[in-house]
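S.K.: Take a look at this one; I'll ask things after.
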Amino acid sequence: MATPVTETKKAGRATKVGEVVSTKMNKTIVVKVEMKKAHPLYRRVINSSKRFHVHDEENKALLGDVVRIEETRPMSKLKRWRLLDIIRRSALAAAADAEHKAEKKEKREQKAS
């Protein structure tokens with residue numbers, strides 16, 4: 001018979017916290033993760049950042065949100081991460097981003113018909 005589906009946490013998967021900097025693609029967001037590390041020789045703290053392409057199945061994340069992402073199997077040429085949860089919503093960008101997504105949806109519907 002069918003077994004119930006349970007969500008299990010896989011060990012050894014890296015998680016990171018970052019800010020959403022782009023939501024222009026469908027089911028994909030770009031997350032900027034800022035890291036601080038000491039210089040190996042001079043021991044001065046250096047700020048560095050990296051952008052990750054993240055799979056967002058339901059297009060839930062908005063521009064400016066702080067999100068948690070998890071390493072996963074390769075989903076496309078650039079996507080190796082998936083969205084776990086949204087830690088903090090951005091109040092300022094929510095209205096503009098929702099309007100942008102509505103326009104994109106209208107264009108897709110017009111293209112389909």
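The numbers here are math on the coordinates, done by the rules we state, and not lab data. Everything numeric here is computed off the predicted structure, so don't read it as measured data. Positions of Cβ are generated from backbone atoms using ideal geometry, with glycine treated the same way; all protein chains shown enter the neighbour counts.
S.K.: Compute the helix-to-body angle for 91-112: its Cα long axis versus the longest principal axis of the chain, expressed 0 to 90° and rounded to tens.
M.R.: 50 degrees
S.K.: Could you check what % of the DSSP bridge pairs in the range 50-113 are antiparallel, to the nearest 5?
M.R.: 75 percent
S.K.: Continuing with this model, one more query. So which of 77/101; 60/104; 37/60 end up more than 20 Å apart by C-alpha? Spell out each step's value before the answer.
M.R.: Values: 77/101 24 Å; 60/104 15 Å; 37/60 31 Å.
Too far apart for the 20 Å limit: 77/101; 37/60.
S.K.: Let me ask you something else. Longest segment of the chain with no GluC sites (Glu not before Pro) in a DSSP loop having at most 11 other Cβ atoms within 10 Å?
M.R.: Result, exposed sites excluded: 59-113.
S.K.: Where a Cα-Cα gap under 15 Å defines reach, which aspartates and glutamates qualify for residue 24, not counting those fewer than 8 residues away within the same chain?
M.R.: Within the straight-line cut-off, residue 24 pairs with 56, 57, 58, 65, 97, 99, 103, 106.
S.K.: Specify the residue with the greatest mean-square fluctuation among 38, 102, 61, computed from a Gaussian network of the chain linking alpha-carbon atoms under 10 Å apart.
M.R.: So, out of 38, 102, 61, the one fluctuating most is 38.
S.K.: Where the centroid of each part is defined by its Cα atoms, how far is the range 60-112 from the range 30-59 in Å?
M.R.: Result: 19 Å between the Cα centres.
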